[in-house]
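The structure appears below as structure tokens.
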Amino acid sequence: GIAAGLIMGAIQHVRLTPMIVAAERFETSGHDHDHAATGEAAEAEAQAHDHGEGWAPADGWQRTLSTTVTAMLSGAAFAILLAAVSLVSGLAITRRNGIVWGLCGFIAVSLAPAAGLAPELPGMPAGDLAARQVWWLGTIAATGLGLYLIAARREAWALPLAVVLIVLPHLIGAPAPVSHESAVPPGLAAAFAANALAANAVFWVLIGVFLSFTLNRFAQDSIPS
């Protein structure tokens, strides 16, 4: 997971961070325009907002380091999660199916939630945070359980129930923002969403492959000679 996160950090630095920086410029320019239009009240609000913010990494090596470390920690956590699912479900992670495990993780954690909550750039409108978190977690759980039913159960009811679980969160719908107005150009937002999903697909496939080799290596080492 840490190895996959290290590669993901490099992908983020090359593909995603430049788009985030560009979106932050649009967000800042939009705020500057609003402040000029509203006068002293907006300036006071901006100062209060600035004082309330904590430390944030600066552009350059600080941002790259923080995003890479975060990706490495996330990769380790996701690898532990896949191993735990394998242990509880009784479905082994092998060198032959490591990619499949990674793709299933990508579908459950990244692709399915992105159908309702696309990866967002700074300055983009969003719905209520708590409602989005509940929908996101529910979508991951429902999709993961649906994939398990497809992979492990052969009863007649399993496939229909799996389809219902996978589709249900999208029938309910993700929390929508009050307004869709944004200073971020639609083309930039679309490019970021596509690149973020592609990067996460690579990330999850690497987790599945590295985890499958690691688990099988340890299993072979534990066999008495």
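The values are calculated or read from the model by the stated rules, or taken from the named source; none is laboratory data. Everything quoted here is computed from the prediction, not taken from an experiment. Positions of Cβ are generated from backbone atoms using ideal geometry, with glycine treated the same way; all protein chains shown enter the neighbour counts. Accessible surface is based on the protein model in full, side chains and every heavy atom, while ligands, DNA and RNA are left aside. Shrake-Rupley method; radii C 1.70, N 1.55, O 1.52, S 1.80 Å.
Among the protein heavy atoms, those of Phe78 account for about 50 Å² of accessible surface (1.4 Å probe, every chain in place). Length gained on full extension, Ala141 to Arg25: 38.2 nm, using 0.36 nm per residue less the C-alpha separation. Between Ala191 and Ala152, the modelled label-to-label distance comes to 4.3 nm, taking each label 7 Å out from Cα in the direction of the beta carbon.
What the phi angles of segment 144-156 give under the Karplus curve with 6.51, -1.76 and 1.60, with θ = phi - 60°, is a coupling list of x, 5, x, 5, 4, 4, 5, 7, 10, 10, 10, 5, 5 Hz, glycine and proline written as x. The heavy atoms of Asp59 present about 100 square angstrom of accessible area, all protein chains included, probe 1.4 Å.
The length gained by stretching the chain between Leu171 and Leu91 to full extension, at 0.36 nm per residue less their Cα-Cα distance, is 25.8 nm. Computed from phi, the 3J(HN,Hα) profile of segment 202-217 under the Karplus parametrisation 6.51, -1.76, 1.60 (θ = phi - 60°) reads 4, 4, 5, 4, 4, 4, x, 5, 4, 5, 5, 5, 5, 5, 6, 5 Hz, with x in place of Gly and Pro. Annotation: extensible slack from Val164 through Val202 equals 10.9 nm (criterion: 0.36 nm per residue apart, minus Cα-Cα distance).
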